[in-house]
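Quick notes on the structure that follows.
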Amino acid sequence: GGSGGLGQVIAFLSSRGGVGTTTAAVSTAWICAEDRKERTALVDLDLHFGTVALKLDSDPGNGLCEALEQPSRVDSLFIERAMIKVSENLRILAAEASLAEPLVVDTGAIDVLLYELRRKFAWVIIDLPRQVTPIHRVVLSTASRAILLCERSLAGLRDAIRLQTMLREQAPQTRLMLIESGAHGDRATVGK
């Protein structure tokens with residue numbers, strides 16, 4: 001549990017694409033829900049290209065888009081209906097937003113959503129998209145932990161440093177964990 005009976009938020013982000021961030025988020029959520037038997041919400045904030053639902057063999061539904069476009073409708077009943085049940089203790093909130101229509105997300109909507117999720121779940125695990133948006137600021141300021149998967153390439157290290165700086169400035173209360181995820185394909189590895 002977390003502060004004042006509210007659940008804890010853990011945000012996952014990465015310095016490059018393809019380093020296993022979504023897999024780490026899904027695995028963490030699974031451990032919280034299945035091994036620790038605690039109510040867990042797994043939220044995929046990559047609204048266009050997220051793969052959380054795919055990895056859990058679920059249909060993402062469109063509850064997340066609705067919640068973000070109409071924050072005034074978000075209450076515990078709305079969340080109950082919008083979330084996809086994966087197991088007794090694990091629910092996911094994801095989307096496959098249309099590529100044709102740009103999604104305008106009100107950061108206030110994320111705030112409302114996170115609060116409602118924290119009221120219902122012990123853990124709220126969030127998979128953040130790679131491109132940094134105003135959503136990141138809201139999520140990270142609520143997160144008790146941020147887990148940053150770093151690729152050991154020049155670009156990966158540069159971006160890990162930039163993300164670290166952003167976290168220090170915008171979410172100083174968030175504990176940051178850096179996880180080294182090797183280097184991929186032809187991207188040259190920087191020595192440890």
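Computed extension length for Ser58-Arg36: 5.7 nm, one decimal, from 0.36 nm per residue of separation with the Cα-Cα distance subtracted.
Taking a label point 7 Å from the Cα of Met177 along the Cα→Cβ vector, which residues of the stretch 60-100 have an amide N closer than 15 Å to it? Correct set: none at all.
Close lysine pairs were tallied over the chain: pairs 8 or more places apart or on different chains with Cα atoms under 20 Å apart number 4. Under 5 Å from the amide H of Arg145 lie the amide H atoms of Val9, Ala11, Arg175, each residue being 5 or more positions distant or on a separate chain, with H modelled from the backbone and absent for Pro and chain starts. 3J(HN,Hα) along the stretch 171-181: 9, x, 7, 7, 6, 9, 10, 9, 10, 7, 10 Hz, from the Karplus curve 6.51 cos²θ - 1.76 cosθ + 1.60 with θ = phi - 60°, whole Hz, x for Gly and Pro.
Our note on the geometry: Cα centres of the stretch 25-78 and the stretch 130-182, 21 Å apart.
For the chain, the solvent-accessible area works out to 49 Å² per residue, with a probe of 1.4 Å and every protein chain left in place. Among the protein heavy atoms of the stretch 1-123, carbon and sulfur supply 49% of the accessible surface, probe 1.4 Å, non-protein parts ignored.
Modelled label positions at Asp106 and Ser27, each set 7 Å beyond Cα in the direction of Cβ, lie 3.8 nm from each other. Consider a paramagnetic label point 7 Å from the Cα of Glu80 along Cα→Cβ; state which residues of the stretch 104-145 have an amide N under 16 Å from it. The answer is 116-121, whose backbone nitrogens lie closer than 16 Å to the label point. By DSSP, the beta bridges lying fully in the stretch 56-192 are antiparallel in about 25 percent of cases. Between Gln131 and Ser87, the modelled label-to-label distance comes to 3.4 nm, taking each label 7 Å out from Cα in the direction of the beta carbon. Among the listed values (1) 10.3; (2) 9.7; (3) 11.1, the one matching mean projected area of the Cα convex hull in nm² as calculated from this structure is (3).
Tell me which DSSP H helices of the chain clear both cut-offs, 18 Å or more of axial length from alpha-carbon atoms and a mean Kyte-Doolittle hydropathy of at least -1.0.
107-120, 154-170
The values are calculated or read from the model by the stated rules, or taken from the named source; none is laboratory data. Bear in mind the structure is a predicted one, so any value in this text is a computation, not a measurement. Counting neighbours? That spans all protein chains shown, and the Cβs are built from the backbone with ideal geometry, glycine included. Remember, those area values only see protein heavy atoms, side chains included, never the ligands or the DNA or RNA. Shrake-Rupley method; radii C 1.70, N 1.55, O 1.52, S 1.80 Å.
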